[in-house]
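To keep things clear, I will list the structure first and then write my remarks on it.
The values are calculated or read from the model by the stated rules, or taken from the named source; none is laboratory data. Please read these numbers as outputs of a predicted model, since none were measured by experiment. Don't worry about glycine lacking a Cβ; one is built from the backbone with ideal geometry, like all the others, and counts go over all protein chains shown. The protein model used for the area step is the full one, side chains on, heavy atoms only, and it has no ligands, DNA or RNA in it. Shrake-Rupley method; radii C 1.70, N 1.55, O 1.52, S 1.80 Å.
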Amino acid sequence: ARSYRDPRVRVIENGRNLGLTASLNLGLREARTPLIARQDADDLSAPDRLARQADMMARRPELALVGTQADVIDARGRHSGSLARSCEHDSIRWELLFDNAFVHSSVMFRRQVVLDEAGGYDEGFRYCQDFALWSRLVRTHQVANVDRVLFRCRAHGGSMTTTGGDANLAETNA
């Protein structure tokens, strides 16, 4: 990130390990743009992902959050599955009763809505901070998923989803 000669790209370092949830909130507070896009370091986005999501949000200003469909890849980048999610608000609300309706690393959302209105990520959650946030957000705001695979999510033995085990499951149930 330091190699980019673009003033919009800033590196923010934590003095100590704050954990993912507190780091996400720090990033939200430090951001200078109205739209925030999530991306984990080992995942891959289609070249037009951000443009498609930003366009959808521009055409539908009532949307606070837009995710995408995703393929799952292994550590070597080989396809190992798909994450098909509901696309429209009402079906997403229904899906959230049973499962996370968004692939966290694929979302784009309005910073002001998530930070100022929803209060950011709940730091009481280590693993399911996204699920908790989306569940709060859909009560008062419209959300959607793009009906195209624009993201490839890497699944491997070291990922938080894999290593979280019982604690991850307990947070999901909470």
Rounded to the nearest Å, what's the spacing between the alpha carbon centres of the stretch 1-61 and the stretch 81-143? Just the number, please. 16 Å
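What does the charge add up to near C87, with Lys and Arg as +1, Asp and Glu as -1, over the other residues with Cβ less than 14 Å from its Cβ?
+1
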With θ set to phi - 60°, apply the Karplus curve 6.51 cos²θ - 1.76 cosθ + 1.60 along the stretch 105-117 and write out the HN-Hα couplings as whole Hz, x wherever there is a Gly or Pro. 6, 9, 8, 10, 9, 7, 4, 4, 5, 5, 7, 7, 8
Phi angles of the stretch 20-31, converted by Karplus (6.51 cos²θ - 1.76 cosθ + 1.60, θ = phi - 60°) into ³J(HN,Hα) in whole Hz with x for Gly and Pro, give 4, 5, 5, 5, 4, 5, 4, x, 4, 5, 7, 5
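I need the shape label for the stretch 105-156. Rule: rounded when a/c is under 1.5, else prolate if a/b > b/c, else oblate, with a, b, c from the alpha carbon gyration tensor. Intermediate values should be presented prior to the final figure.
On the way: a/c = 2.21, a/b = 1.27, b/c = 1.74.
Verdict is oblate for the stretch 105-156.
Which value in deg cm²/dmol, rounded to the nearest 500, describes the helix-derived mean residue ellipticity at 222 nm for the chain, given -39,500 (n - 2.57) per DSSP H run of n ≥ 4 and division by the residue count? Intermediate values should be presented prior to the final figure.
Working: 6 runs with 51 residues, N = 174.
Computed mean residue ellipticity for the chain: -8000 deg cm²/dmol.
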Counting every C-alpha pair in the stretch 1-79, the percent lying more than 14 Å apart is 74 percent
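Once you charge only the Cβ atoms, +1 for Lys and Arg and -1 for Asp and Glu, what is the size of the charge dipole of the chain about its Cα centre, to the nearest 20 debye? Don't jump to the answer; show the numbers that get you there.
On the way: 24 positive and 23 negative charges, 131 e Å.
In total the dipole reaches around 620 debye.
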Can you work out ³J(HN,Hα) from phi for every residue in the stretch 69-85, in order, using Karplus 6.51 cos²θ - 1.76 cosθ + 1.60 and θ = phi - 60°, giving whole Hz and x for Gly and Pro? 6, 9, 9, 9, 10, 8, 4, 8, x, 7, 4, 10, x, 9, 10, 8, 10
Identify, among G120, A54, L97, the residue whose Cα sits farthest towards the positive end of the charge dipole of the chain, taking +1 on the Cβ of Lys and Arg and -1 on the Cβ of Asp and Glu, with the dipole about the Cα centre. A54
What is the set of long-range amide H partners of D122 at a cut-off below 5 Å, with H atoms built 1.01 Å from backbone N? L133
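What whole-number value in Å² describes the accessible area per residue of the chain for a 1.4 Å probe? Write out the running numbers ahead of the final one.
Details: 9970 Å² over 174 residues.
Per residue, the chain has an accessible area of 57 Å².
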